[in-house]
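The values are calculated or read from the model by the stated rules, or taken from the named source; none is laboratory data. None of these values were measured; they are calculated from a predicted model. Cβ coordinates were reconstructed from backbone atoms using ideal geometry, including for glycine residues, and neighbour counts include every protein chain displayed. These area figures cover heavy atoms from the full protein model, side chains too; ligands, DNA and RNA do not enter into them. Shrake-Rupley method; radii C 1.70, N 1.55, O 1.52, S 1.80 Å.
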Amino acid sequence: MTEFQKIANIGGGVIGSSFSIIFARGGLNVTNISRNDDGVKRTQTKIETMLDQLLEKDVIDAEEKEDILSRISYSTDMEEVLKDVDYVQENWPETMEKKREVVELFEKYAPDDAVLASSTSGLLVSEIAKNAKHPERILGVHPYNPPHIIPLIEIIKGEKTDEALPEKVKTFFSDLGKIPVVLNKEVPGYIANRLQAAVFRESIDLVVNGVATMEDVDKALTFGPGIRWGIMGSALNFELASDKGLEGMVDVIGKSMLTWLDDMATWTEFPDDMSKVYEGVDEAIENRPKEIGDNREDLNDYRTSMLIDILKLHNLM
């Protein structure tokens, strides 16, 4: 098992709660740090709910649930917990101010050889660690929501991150059953969120310009490329599009594809009028059959259930 054994997890929202499950399910003891006692109670409730979902879907059994819970402890004492850790996962709000506040506390209380990983969704690690005395031990570790289910972990090094650290953390999360990827170059939004943002921009543009409803755009994505993307990425899918592989596909439809790209959205500010998009989402939810979620709460439960079923096909659950 990895060299990281003493784990602290800062923050108890959806991401923080999920990370505690990841560590505990991987056989590690983890202390989840909240700001106050109310935060501790909310985190405990979230973790119980998440584990119950896994129990209902036969991902874990009752004995495993209790074993996972036994490995998670809770605290509001940052100083006490950080004084004896190997690895700290930070899940505070997505603002530079909050991230740098954690860096300051980490350097104040944690051992000199401890590692700090920020679960920022897109902030530059170099900026987060800008005022750090030892930025070489700080990096980004971005999960995909919900982290205890979706296996992706993006690992991002800052300009001054120790060159060997990303591979150590990659091994750490591989041992925990995740699928980590390492960015060779630091960019805002990393890999997955940039891809997601590009697709979402085009979805918005299609709706705002009256090409299709939000419901039909989402259906086209879900039952077209979305199904294939749930199996393999764009490059491998395109590799199968021609007898001559990706190169053959580009030769055949590449010029046509350029005309699509030339006509696609390039804006970097959201349109002034997003009403068609917002109303379209509400309408799409209302039009769904009850059994697949016709309100936000049931829709979330349905998504969780389907994610687990898909990952079972990949032998990842």
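Data table
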| quantity | calculated |
| --- | --- |
| Alpha-carbon Rg/Rh ratio, for the stretch 106-151, with Rh computed the Kirkwood way | 1.04 |
| Residues of type aspartates and glutamates that Lys157 reaches as a straight line, Cα spacing below 12 Å, ignoring anything fewer than 8 places off in the same chain | Glu127, Glu136, Glu167, Glu186 |
| Separation in nanometres of the label points that stand 7 Å from Cα toward Cβ, at Met96 and Glu167 | 3.2 |
| Separation between Cα centres of the stretch 103-128 and the stretch 1-80, rounded to whole Å | 20 |
| Cleavage-rule hits, GluC sites (Glu not before Pro), the stretch 210-317, DSSP coil, Cβ neighbours within 10 Å at most 14 | Glu269 |
| Heavy-atom accessible area order for Glu159, Glu80, largest first, 1.4 Å probe | Glu159, Glu80 |
| Estimated D of the stretch 158-317 in µm² per second, where Rh is the Kirkwood radius over Cα pairs and Stokes-Einstein applies at 20 °C, 1.002 mPa s | 112 |
| Nearest-10 value in Å² for the accessible area of Met96, using the 1.4 Å probe | 50 |
| Principal semi-axes in Å for the stretch 198-286 [√(5λ), Cα gyration tensor, largest first] | 29, 17, 10 |
| Residue-span extension gain [Arg42 to Ile179] - 0.36 nm each, minus C-alpha spacing | 46.5 nm |
| Between 0 and 90°, nearest 10: helix 296-313 axis offset from the chain longest Cα axis | 90 |
| Debye log10 I(q)/I(0) for the stretch 1-145, one point scatterer per Cα, at q = 0.14, 0.18, 0.19, 0.20 Å⁻¹ | -0.63, -1.01, -1.12, -1.22 |
| Rounded to the nearest 10 Å², the accessible area of Thr49 at probe 1.4 Å | 70 |
| Using distinct alpha-carbon pairs, which all enter the 1/r mean, Kirkwood radius of the stretch 140-251 in Å | 16.6 |
| Positive-end residue, the chain charge dipole about Cα centroid, Cβ charges, pick of Asn193, Met306, Ser118 | Ser118 |
| Charge dipole of the chain about the Cα centre (unit charges at C-beta), most positive-ward option of Ile60, Val40, Ile156 | Ile156 |
| Structure-based [θ]222 nm, the chain - -39500 (n - 2.57) summed over DSSP H runs of at least 4, per residue, nearest 500 | -15500 deg cm²/dmol |
| Intensity falloff of the stretch 94-185 expressed as log10 I(q)/I(0), Debye formula with alpha-carbon point scatterers, at q = 0.13, 0.17, 0.21, 0.24 Å⁻¹ | -0.40, -0.69, -1.03, -1.26 |
| Principal axis dimensions, the stretch 49-103 - Cα atoms, whole angstrom, descending | 40, 26, 18 |
| Listed residues Trp260, Trp92 arranged by accessible area, highest first, probe 1.4 Å | Trp260, Trp92 |
| Dipole of the chain, positive direction: furthest Cα of Asn145, Leu183, Ile292, with charges on the beta-carbon | Leu183 |
| Computed accessible area, Asp301, all protein chains, 1.4 angstrom probe, square angstrom | 70 |
| Ratio of Rg to Rh over the chain (Cα coordinates, Kirkwood Rh, two decimals) | 0.99 |
| Relative contact order (%) - criterion: Cα under 8 Å, at least six apart; region: the chain | 13 |
| Flagged links, alpha-carbon separation over 29 Å, of Lys41/Lys160; Lys276/Lys312; Lys46/Lys99; Lys65/Lys160; Lys57/Lys290 | Lys41/Lys160; Lys276/Lys312; Lys65/Lys160 |
| Cβ charges +1 (Lys, Arg) and -1 (Asp, Glu), total dipole of the stretch 114-197, debye | 80 |
